[in-house]
Structures are given as C-alpha cells and as structure tokens.
Amino acid sequence: MTRTLVVAETALRELVRRRSVLVILLLLPLAFYLSRRGDHLGQSIRFVCLGVGWALSTAALFAGSAARGIEPRLRLSGYRSLHLVLGRLLALWTVGVGLSVPYFVLILVDQRDVRYGAIALIMALMVAVAAPFGLLLSAVLPRELEGTLVLLTVVGLQMVMDPADTASRALPFWFSREIGTYAIDHTDGGYLTRGLTQGIAFAVVLTLLVVAASAVRLRQRRHLRFVGA
Amino acid sequence: MNHNAWLAALTGELRRHGVGPDLTGHVVAEAATHLTESGEHPLRVFGPPDAYARAVADSLGGPDRRPPHRRPGPVRLAAQGITKRYRGRTVLDRVDLTVRAGEIAAVVGANGSGKSTFLRICAGLVSPDAGTVRVHGALGYCPQDGGTAEFLDADEHFALVGGGRGLTRDTARRAGRAGAAALDWSPPAGTQARHLSGGTRQKLNLVLARLGEPEVLLLDEPYQGFDRGTYLDFWHEVWRWRDAGKAIVVVTHLLNQLDRVDLVLDLTTPRERAA
Amino acid sequence: MDQERRAQWLRGVLDLCVLGLVSRGESYGYELSQALRAHGMGTVQGGTLYPVLLRLQRSGLLTAHWREGATGPARKYYRISPAGSAALRAAATDWTAFAASVGAILSEEPKR
C-alpha cells in the first residue's frame, strides 16, 4: 500500500509540473462547452463531459509514455507492476476529479431543469474510464503521436455517431451520451441503467487490461532467478 | 589559498587519484610539517593540489588498487550460456560470467558487440534466446541513459526509488545525498532532472542504482559526460563498493581501466578480432 | 651555473643525492631540502622532493617513521635501509665511472 501511495504521490507531482499541458487540458472542456452554449444547452453538457474525458485520457497517455523509461528501474528496485499501475491510476483519477469539479459547478450554476445527480455520475464514470483508457493506449502504442490520433478519432466518432446505433456502444464514452439523454431530456430509467452498465463495464475492463499490459511488459523474465541473499 | 584550504584540497585530490586513506594521511601531514617549518606558500613549494597529488600517485606506480588480503566471497551473479540473436545475427553466443562478492567484472568489446544487451539480460529487462542468470540478493542497475524522470528533482527520485527498496523518504534522501556527495555533487533542491546537465544526470542515475545497497550492481557505461575529476571519483567509489563486498559488472570501452578490475569479459568475437 | 641545465642534470641523480644525504644520518624532508641547497643543488621544492622520498620508501631503499620533535611539529624521519646502502654503493661506482667518461670527453684537447 505504501509503495502504491509513493508512486501515486510522485506521479501527481509530475502531472502538476506540466503546467502548460494542464492549462490546455483544463480549458479544452470549456471550449467544448461554449461551442454549443448558445444554441443548444443540453448539447453543451454532453460536449463538456466528452471534453473532460478527452483531456484526462490525453494526460494519461502522456503520463504513461513518460513513465516508460523509469518503470523498469522501479520494477528492479522492488515495486511490483501493480504498485506502479495503481499508483499512476490513483494520481490520474485525482487529477480527473480536480478537472471535473469546476465543470460540474459550472453546470449547476448555468443550467436549469436537468438531473444534476446523473450529470455527476457521468463525470465520475468519465474519470474512471478515461484514465485507464489513456494508459492503455500508451501501453499499446509506443509513440505519443499515434496515441493522440487514436484519441482524436475515438472522441470524434463519439460526437458524430448516433448513440442509438449498436456499433457506437463499442466506444468507451458511449455511456455519457446515454446517461446524458436521461439527465437532459428526462427520458426513462432504461437510459440510465444501460449507460451505467456500459460505463462500469468499460472502467473495470480497461483497468484490468492496463494492469495486465503492465504485468506483461514488466514481468519477471524466465531466464532470471533471484536466490535469497 | 591558505595552508589549510590547500591541505584540504590535497586530501580530496589524493583520494581522487586513488591514494589510500592511510597514505593520504601521511602525505598530508608531511606536507603540513614542511609548510610550518619553511613558512613558505604551499603553491610555491608543492604547486597546485591536483598536480602534487598526481605526482604522489605516479611515484607509487599508479593508484593503490586493491587491499592486500581479499578473498572473493560467495557467487552473487551467475550468467550461463547467454545467447541472443537479432535479425538472424548472433550477437551473444553462449556467454558465461560469474561474479562473486567483492569482485569487479568489466564487460568490453567493440560497438555492437552486445555489451549493453548482455547487461540488460542480466538485469532481466530483455529475454535471451538461451541461457540463464542467477542473482543472489538484490540488483541495482544503472542504464546508459534514461532511468530518470524529467519532471522530478533529485530528492524526489531518491524517495521514489528508495520507496521500492522499503526506505522511508528521509532515509532515502539521506542515502541519496551521501551517494551524491561521494561523486562531488550536492543536488540542488527543486531542480528537475530535465534541467540537469548530461553528466550530472548520470550522477543521479548512478546514485539511484546504489540506493538500498543492492548486492549486485550492473553499470552500463555510467560515466558518460563526467569530467576527469568525477571520473576518478567514480572509479574510487566502485573500488570502495567492491571492498564492501558488492559484486559489480561495468560495461566499458576504456581499456586503460582493465588493470583495476578483477575479471574481464571480452565480447569481441574471434572473427572480429581477426579482422 | 645555468639554472635550467642544473635542474636537468639533477633530475637524473636527485634520488641518488637524497639517498647519499640520508646515508649520513636520518633526516626529514625540510632538512633534506636545506642540505641539498647547502650542497649547491639549488632549491629543490617539496613538490619534487617528497615524491622521490615516497618512491625510495616504496622500493624499500629508505625506511620512515614519525617522531615528535623536542621543538616544532612531528616529523617523518627517513633512514637508509641495508638495501638502500647497497644500492647507493653500486650507484656511486657507476656514477664515478660515468662522470669520468663525461669528464674525459669534455676535457680532451682539440687536435691540431
């Protein structure tokens, strides 16, 4: 536990020091929000949630790539891959909460007649899904540019694809559209249930995949045996 | 420079030139006596401290290399039959290396002869096509570059790597700063690794490998970017670690260091040697 | 005498001069530097003298020990060893022969 916390604290410090990146990430959801603020209030909520997801998964992507160099050394100095990946996730989740709270407050102040609780739920799920999603991309794609392009594609598709289309359920942020409909258009609870199920499933599966990818990459190789000193 | 400052500088330079602590004491005391009796300025009588230290070291026929009674300890690292191929080319062909506690092994060879690959296999970062590595105790690894985090300062590195070894933040920081001091470096608080020079970053890298006193140290040309003084400090430290019973493997291309080590593993293939 | 030439010559024989001086009785660095000057060898600085002493000690021609003086600081006294005496005798013979050869060349009258 201590080891996970040490990794989490260090990862948080690293994230916070990338000031310019942080500022861009913080402003990105705002741009999304304002883009539809004038004509379609409800749409601006959907967009700001996607913006939070995009910002956090981008941050996770960069954090994951930056850690590649030092992780083998940390593994050798006594960390398990689980310590490393959970520590980093904790740090990203913390940043994600910090990122979404101001936007939730903005919606509270700026919007009327929506289900605030459901919006809070979207944001919580967004943070839970976006962090492992970005880390997973960094584990699979060695270069940041490729990961960024994939993220761009996913978020773009998420915006343009009809949520009713079955194929769009394969996108990681689909739940935000579904629960969004429930929160904004006051539809029946089916939307909430479907969204919640998909969101939780993605959060769990992505987290497990990140843990597995890290365990494979930082595995103890079979040719090397440590004998007690 | 007054007498005391000159004598202090001489002490440091003698150490850097590999003169043992006992002899250093004698040389410094004798110089102090001479200065007291003659009343002359040290720079006039002895010249600059580093030049005089070099003259003393030369008169000994080189640095005081190994303590007189050393028995090699138990085996710490045993690599057997290590074979590695890259794109159909055999880089390492059934390489064996056994290093005991209190021994330094140098891995030498031409560029591309697989020195770093061999070390990475020993560290378990790369899998070989055949062969095994047994390590008794903990492993410290200093990569050729990388191995540090751009946005963290030295103390945070110490805390992070030390945390893996089970050290508290304070213990890790103290151990890290002591290791840095031995390389004539006192890490400025708050300076992130990305703002350090290449040589200084390598010092950090080396100190990190040593945190928590692992029994086996794998060093991949860790002295790149070091100035001459730090380079001497580095070897002095390596000898000290050896005398403390560590098993050390150093990748090097500098053949003039080979007389200071216990084992040499030459990865140059016979074919290359003939060419 | 030309300073530079003297320094050049001295470089080859300084260890023998030091050995010779110590063979007359134990001595220490500062005293030896004074004695060298008194013998017309000019100023031999500590930076040159002590490494020579160290080399002679290392090769077993001199022995050394520290002793508290009645006045002044503790000094490192050097004494010649039996091996040092033997080496000095051999070197003295060689030097005499060498100096005689040089002398013969330098003092020869030019042929008319």
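Computed values, structure above
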quantity: Rel. contact order, % - alpha carbon contacts under 8 angstrom, at least six apart, segment B:75-274; calculated: 32
quantity: Shielding score for A:63-69, defined as the mean number of other chain Cβ atoms within 10 Å; calculated: 2
quantity: GNM flexibility winner over chain A from A:70, A:200, A:179 (Cα, springs under 10 Å); calculated: A:70
quantity: Fraction of antiparallel bridges per DSSP, the protein assembly as shown only, in percent to nearest 5; calculated: 50
quantity: Chain B: most fluctuating residue of B:123, B:53, B:138 per GNM, C-alpha cutoff 10 Å; calculated: B:138
quantity: log₁₀ of I(q)/I(0) at q = 0.06, 0.08, 0.12 Å⁻¹ - the protein assembly as shown, Debye sum with one point per alpha carbon; calculated: -0.51, -0.75, -1.16
quantity: Partner chain coverage, peptide C:45-58 - average Cβ within 10 angstrom; calculated: 6
quantity: Counted charge near residue C:51, where neighbours are those whose Cβ lies closer than 13 Å (Asp, Glu -1; Lys, Arg +1); calculated: +1
quantity: Exposure proxy ranking, count of Cβ atoms within 10 Å, fewest first, for B:155, B:58; calculated: B:58, B:155
quantity: Neighbour net charge for residue C:28 - beta-carbon separation under 13 angstrom, K R +1, D E -1; calculated: -1
quantity: Protection proxy ranking, peptides A:141-153, B:228-240, average beta carbon neighbours within 10 Å, highest first; calculated: B:228-240, A:141-153
quantity: Cα-based shape type of chain C, given that a ≥ b ≥ c are square roots of the gyration tensor eigenvalues and the cut on a/c is 1.5; calculated: prolate
quantity: Beta bridges by DSSP in chain B, antiparallel share as percent, to the nearest 5; calculated: 45
quantity: Modelled FRET efficiency - R0 35 Å, residue B:83 with residue B:243, Cβ distances, 0.05 increments; calculated: 0.55
quantity: Rg(Cα)/(2.2 N^0.38 Å) for segment A:2-217, N = residue count; calculated: 1.01
quantity: Cα-based equivalent ellipsoid, segment B:75-274: semi-axes from gyration tensor eigenvalues, Å; calculated: 29, 17, 17
quantity: Most fluctuating residue given options A:96, A:117, A:180, as computed from a GNM of chain A linking Cα atoms under 10 Å; calculated: A:117
quantity: Distance in nm between pseudo-label sites at residue A:157 and residue B:29 (7 Å out along the Cβ direction from Cα); calculated: 8.0
quantity: Cβ-based net charge around residue B:28, under 12 Å, with every Lys or Arg adding one and every Asp or Glu removing one; calculated: -1
quantity: Rounded to whole Hz, the Karplus (6.51, -1.76, 1.60) HN-Hα couplings of segment C:14-22, x for glycine and proline; calculated: 4, 4, 5, 4, 4, 4, x, 5, 5
quantity: Inter-label distance for residue A:146 and residue B:145, nm, one decimal - labels placed 7 Å from Cα along Cα-to-Cβ; calculated: 2.2
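The numbers here are math on the coordinates, done by the rules we state, and not lab data. Small disclaimer: the values here were computed from a predicted structure and weren't measured. Note that we place each Cβ from the backbone using ideal geometry, even for glycine, and neighbour counts take in every protein chain shown.
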